Amino acid sequence: MRIDLHTHSTASDGTDTPAELVANAAAAGLDVVALTDHDTVGGHKQAIDALPDGLTLVTGAELSCRVDGVGMHLLAYLFDPADTELERARELVRDDRVPRAREMVRKLRALDVPITWEQVARIAGDGSVGRPHVAAALVELGVVRTVSDAFTPEWLGNGGRAYAEKHEFDPFEAVRLVKAAGGVTVFAHPAAVKRGAVVPESTIAALAEAGLDGVEVDHMDHDEPARARLRGLARDLGLLTTGSSDYHGSRKTVELGACTTDPEIYGEITRRATGAFPVPGAGGAGRS
């Protein structure tokens, strides 16, 4: 089984519609794909309706969090999407996205970058606007070569010259809310140092004690030493280890299935979840 547990669609900051994403996942030879748009489940229905034979969909979201001044992302899988407390918390984060993006545009213009809000809004379309849309505008303008190049201290990286804060989850509260909604939590790309500051291992240990289920180890932003270090930490803390592409369509160069999750880990994730179940296409993998 080939399992990719971290992808994005046009419901947030990817370039594939949810229907295109599942079609592309099947074409890439995946057996299981998770749709984890930022702070929203808006793409799930379209993905389910378009789910091809032989592909199983794991529903989820990537939650924007901040702890001790450091941003981090939490992958939440198979939670009950109708859970009102978790939905209200996600809505607070989504509502702050537009003011935050406008502030980043303002800061960039103060740096003599000829970006406009209209340009960013056009790129975002109907998706939940975020930093990648601002980054894509910088690529269009020739300010940076790739979206990833915009996520540096010089531009939009955490604490960067054009960075703007937004309302975000406290990760301990996010773990509590997701667990209460029957979901499973995995710390996304915890060692992605090129994006900016990362949380210390002591915080990961505290999150593990609070109920965190796992850490994303195999990721394009982790070199081999970082992966080895995270595997050792996960072993010490009793955490699951996942791998995934963090696919954003044409917005990033990474392909679906670039990194994958071990089937036994996937099976444990589905066993722990009580809020929702993986959705198989006809002949799909289903619940382990």
Report task. Just grab the label-to-label distance for ASP223 and ILE48, each label 7 Å out from Cα along the Cβ direction, in nm (one decimal). Result -> 4.3 nm
Report summary line: Of the listed links LYS107/LYS179; LYS166/LYS252; LYS166/LYS194; LYS107/LYS252, those spanning more than 28 angstrom between alpha carbons are LYS107/LYS179
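As an exercise, take the mean of 1/r over every pair of distinct alpha carbons in region 117-270, invert it, and state the Kirkwood radius in angstroms.
Numbers: mean 1/r = 0.0587 Å⁻¹.
Every distinct Cα pair counted, the radius reaches 17.0 Å.
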Query raised in the report: Among the DSSP beta bridges whose two residues both lie in region 1-145, what percent are antiparallel, rounded to the nearest 5?
Result: 50 percent
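Around THR152, with a cut-off of 13 angstrom between Cβ atoms, what is the net charge of the other residues, counting Lys and Arg +1 and Asp and Glu -1?
Values: positive: ARG131, ARG145, ARG161, LYS194, ARG195; negative: ASP149, GLU154, ASP221.
The answer is +2.
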Query raised in the report: Given N residues in region 23-161, what is Rg(Cα) / (2.2 N^0.38 Å)?
Result: 1.18
Query raised in the report: Where Rh is the Kirkwood radius over the Cα pairs of the chain, the temperature 10 °C and the viscosity 1.306 mPa s, what D in µm²/s does Stokes-Einstein return?
Result: 84 µm²/s
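Give me the one-decimal Kirkwood hydrodynamic radius in Å for region 211-288, with the sum taken over alpha-carbon pairs.
On the way: mean 1/r = 0.0713 Å⁻¹.
Hydrodynamic radius (Kirkwood, Cα only) of region 211-288 equals 14.0 Å.
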Report task. Please report the base-10 log of the normalised intensity I(q)/I(0) for region 87-170, using a Debye sum with one equal scatterer per alpha carbon and no solvent, at each q in 0.17, 0.18, 0.21, 0.26 (1/Å). Result -> -0.63, -0.70, -0.94, -1.35
Query raised in the report: When DSSP assigns beta bridges and you keep just the ones with both residues in the chain, what percent turn out antiparallel, to the nearest 5?
Result: 50 percent
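Which net charge results for the neighbourhood of SER250, defined as the other residues with beta-carbon distances under 12 angstrom from its beta-carbon, given Lys and Arg at +1 and Asp and Glu at -1? Please report the intermediate quantities before stating the final value.
Working: positive: ARG251, LYS252; negative: ASP13, ASP16, GLU20, GLU255.
Local net charge: -2.
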Query raised in the report: What's the FRET efficiency of GLU118 with GLU209 using the Cβ-Cβ distance as r and R₀ = 41 Å, to the nearest 0.05?
Result: 0.30
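Normalised by the residues of region 1-159, what does the relative contact order come to in percent, with Cα pairs under 8 Å and at least six apart?
Values: 256 pairs, mean separation 29.9, N = 159.
This gives 19 percent for region 1-159.
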Query raised in the report: Projected area of region 63-114, taken from the Cα convex hull and averaged over every viewing direction, in nm²?
Result: 5.1 nm²
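Beyond 13 Å, what share of the Cα-Cα pairs of region 157-201 is found? Please give it as a whole percent.
Details: 672 of 990 pairs.
Counting every Cα pair in region 157-201, those more than 13 Å apart make up 68 percent.
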Report summary line: Between ASP13 and residues 5 or more places away or on another chain, the pairs with built amide H atoms under 5 Å apart involve HIS38
**Report entry** Extension gain (nm, one decimal) between THR274 and VAL70, 0.36 nm per residue minus Cα-Cα
**Finding:** 70.4 nm
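Relative contact order for the chain: what is it in percent, counting Cα pairs under 8 Å that are at least 6 residues apart?
Working: 644 pairs, mean separation 75.7, N = 288.
RCO, the chain: 26 percent.
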Report summary line: Rounded to the nearest 10 Å², the 1.4 Å probe accessible area of PHE172 is 70 Å²
Requested in this report: Would you mind getting the accessible area per residue of the chain, heavy atoms of the protein chains only, 1.4 Å probe, in Å²?
Outcome: 39 Å²
Query raised in the report: Round to a whole number: what % of the accessible area of the chain belongs to carbon and sulfur, probe 1.4 Å?
Result: 50 percent
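Counting alpha carbon pairs within less than 8 Å and at least 6 residues apart, what relative contact order, in whole percent, applies to region 194-288? Walk me through the numbers before you get to the answer.
Values: 90 pairs, mean separation 19.7, N = 95.
It rounds to 21 percent for region 194-288.
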Query - Inter-site label distance for ARG176 and ASP149 at 7 Å from Cα along Cβ, in nm - result: 4.4 nm
**Report entry** Exposure of TYR247 as accessible area (Å², to 10), given a probe of 1.4 Å and all protein chains
**Finding:** 20 Å²
**Report entry** Sequence of THR7, THR15 from largest to smallest accessible area, 1.4 Å probe
**Finding:** THR15, THR7
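The values are calculated or read from the model by the stated rules, or taken from the named source; none is laboratory data. Every value quoted in this text rests on a predicted model; they were computed, and no experiment measured them. For neighbour counting, all protein chains shown are included, and Cβ atoms are generated from backbone atoms with ideal geometry for every residue, glycine included. Ligands, DNA and RNA are excluded from the accessible area calculation, which covers all protein heavy atoms including side chains. Shrake-Rupley method; radii C 1.70, N 1.55, O 1.52, S 1.80 Å.
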